[in-house]
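> Here you go, one structure.
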């Protein structure tokens with residue numbers, strides 16, 4: 001499969017960039033199209049996949065239709081611990097360029113399970129603790145933006161570990177409807193700064209400064225990208241009134257209950273395929289020595305249909 005099909009989960013060509021705060025007509029057209037499709041409940045986001053490594057055309061199209069509407073889809077397949085099957089599955093959706101982060105293995109997959117030595121900072125995913133709202137790779141430099149990810153469950157926790165998922169376009173829409181100036185503030189190139197990651201006096205990752213919302217071209221059309229974490233000690237916001245107002249509204253919109261967010265607990269053989277949507281995770285408890293295990297693959301690509 002060639003890495004360059006039609007991008008999915010993005011706006012059609014409707015008069016320039018509808019995500020530009022100054023383009024009111026384009027935004028209204030995009031907004032009408034977005035709201036015309038009713039939100040899907042969690043069970044309707046699930047697609048049965050007979051063979052994860054070789055999804056059929058019908059299965060692919062079912063997943064892509066859900067991603068077009070919600071920027072995410074869920075799948076259920078025969079239980080597999082085969083790491084290569086997850087990567088082969090990804091290629092059917094134009095996902096070829098893996099983010100080889102420090103926690104990933106040589107194949108690019110990260111095994112998300114509890115590690116006693118990974119209990120702090122950016123490694124909170126490897127604990128039993130809850131994860132607040134975030135997008136993956138918010139601390140990455142611009143050239144390594146995460147545009148899509150797959151989360152594949154091999155073993156669920158005995159209790160807990162429920163994911164919440166939210167389409168970033170819905171968050172953008174609510175903020176934009178309130179005031180386009182909120183969007184403009186969050187699109188500033190210095191809106192959000194992630195401090196450097198330093199351990200034992202050694203800088204493992206430099207500080208990263210960038211926007212919360214940004215727009216990227218995908219097959220000649222604008223696609224929205226969100227970079228965010230609710231972990232307040234992990235970020236520093238631009239110190240101006242417009243940013244403070246925008247961040248306060250963003251945080252208020254992400255306070256429970258969050259309209260449009262779905263909750264889903266992945267069972268063995270289930271997974272999430274998405275354009276890096278906002279997500280969180282409840283705390284969990286493991287009931288077996290092996291414990292909860294998920295494979296995570298992060299991509300610099302956006303999901304495509306061919």
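> Of the conditions (1) modelled with pLDDT under 95; (2) assigned to a loop (DSSP other than H, G, I, E, B), residue 233 clears all except one; give me its number.
Here residue 233 clears every test but (2).
> Is it the case, given these coordinates, that residue 31 is touching a helix residue (DSSP H, G or I) at 6+ places or on another chain (Cβ under 9 Å), part of a helix (DSSP H, G or I) and modelled with pLDDT of 95 or more?
yes
> What number of residues within the stretch 68-79 are in contact with a strand residue (DSSP E or B) (Cβ under 8 Å, 6 or more places away or on another chain), on the phi < 0 side of the Ramachandran plot and either surrounded by fewer than 23 Cβ atoms within 10 Å (Cβ to Cβ) or not in a strand (DSSP E or B) (or both)?
3
> Quick one: would you say residue 90 is free of Cβ contacts under 8 Å to residues at least 40 places away in the same chain and closer than 30 Å to residue 290 by Cβ?
Against the criterion (free of Cβ contacts under 8 Å to residues at least 40 places away in the same chain and closer than 30 Å to residue 290 by Cβ), residue 90 does not qualify.
> Another question, then. Just one of the numbered conditions (1) without any contact (Cβ under 8 Å) to a residue 40 or more places away in the chain; (2) in contact with a strand residue (DSSP E or B) (Cβ under 7 Å, 6 or more places away or on another chain) is not true of residue 255; which one?
(2)
> Still on this model: So which residues in the stretch 139-155 are crowded, with 20+ Cβ neighbours inside 10 Å and modelled with pLDDT of 95 or more, if there are any at all?
Matches in the stretch 139-155: 145, 146, 147, 148, 149, 150, 151, 152, 153, 154.
> Which one of these is free of Cβ contacts under 8 Å to residues at least 40 places away in the same chain and touching a helix residue (DSSP H, G or I) at 6+ places or on another chain (Cβ under 8 Å): 211, 180?
Every option except 211 fails the conditions.
> Find the residue count for the stretch 19-28, including only residues that are surrounded by fewer than 17 Cβ atoms within 10 Å (Cβ to Cβ) and free of Cβ contacts under 8 Å to residues at least 40 places away in the same chain.
Residues meeting the conditions: 2.
> Could you look through the stretch 179-200, keep only residues that are modelled with pLDDT of 90 or more and exposed (fewer than 13 other Cβ atoms within 10 Å of the Cβ), and pick out the one that is farthest from residue 67 (Cα to Cα)?
So the residue we want is 196.
> Something else: Just need a number here: residues in the stretch 142-168 that are outside any strand (DSSP E or B) and touching a strand residue (DSSP E or B) at 6+ places or on another chain (Cβ under 6 Å).
Summing the residues that are outside any strand (DSSP E or B) and touching a strand residue (DSSP E or B) at 6+ places or on another chain (Cβ under 6 Å) in the stretch 142-168 gives 6.
> Additional query: Exactly one condition in (1) in contact (Cβ under 8 Å) with a residue 12 or more places away in the chain; (2) surrounded by fewer than 21 Cβ atoms within 10 Å (Cβ to Cβ); (3) in a loop (DSSP other than H, G, I, E, B) is false for residue 249; which is it?
Of everything listed in (1) in contact (Cβ under 8 Å) with a residue 12 or more places away in the chain; (2) surrounded by fewer than 21 Cβ atoms within 10 Å (Cβ to Cβ); (3) in a loop (DSSP other than H, G, I, E, B), residue 249 misses just condition (3).
> I'd like the residue in the stretch 50-60 that is in contact (Cβ under 8 Å) with a residue 12 or more places away in the chain and assigned to a helix (DSSP H, G or I) and, out of all such residues, is farthest from residue 91 (Cα to Cα).
59
> So, in the stretch 89-106, how many residues would count as being at pLDDT 95 or above and exposed (fewer than 15 other Cβ atoms within 10 Å of the Cβ)?
The total comes to 1.
> Quick check: is even one residue across the stretch 257-273 modelled with pLDDT under 95 and over 18 Å from the mean Cα position of the chain (by Cα)?
Yes: the stretch 257-273 contains one or more residues that are modelled with pLDDT under 95 and over 18 Å from the mean Cα position of the chain (by Cα).
> Between 287, 271, which is touching a residue at least 12 places away in the same chain (Cβ under 8 Å) and surrounded by fewer than 21 Cβ atoms within 10 Å (Cβ to Cβ)?
Of 287, 271, the one residue that is touching a residue at least 12 places away in the same chain (Cβ under 8 Å) and surrounded by fewer than 21 Cβ atoms within 10 Å (Cβ to Cβ) is 287.
The values are calculated or read from the model by the stated rules, or taken from the named source; none is laboratory data. Note that the structure is a prediction, hence the values are computed from the model and not measured. Virtual Cβ from ideal backbone geometry, glycine too; neighbours counted across all protein chains shown.
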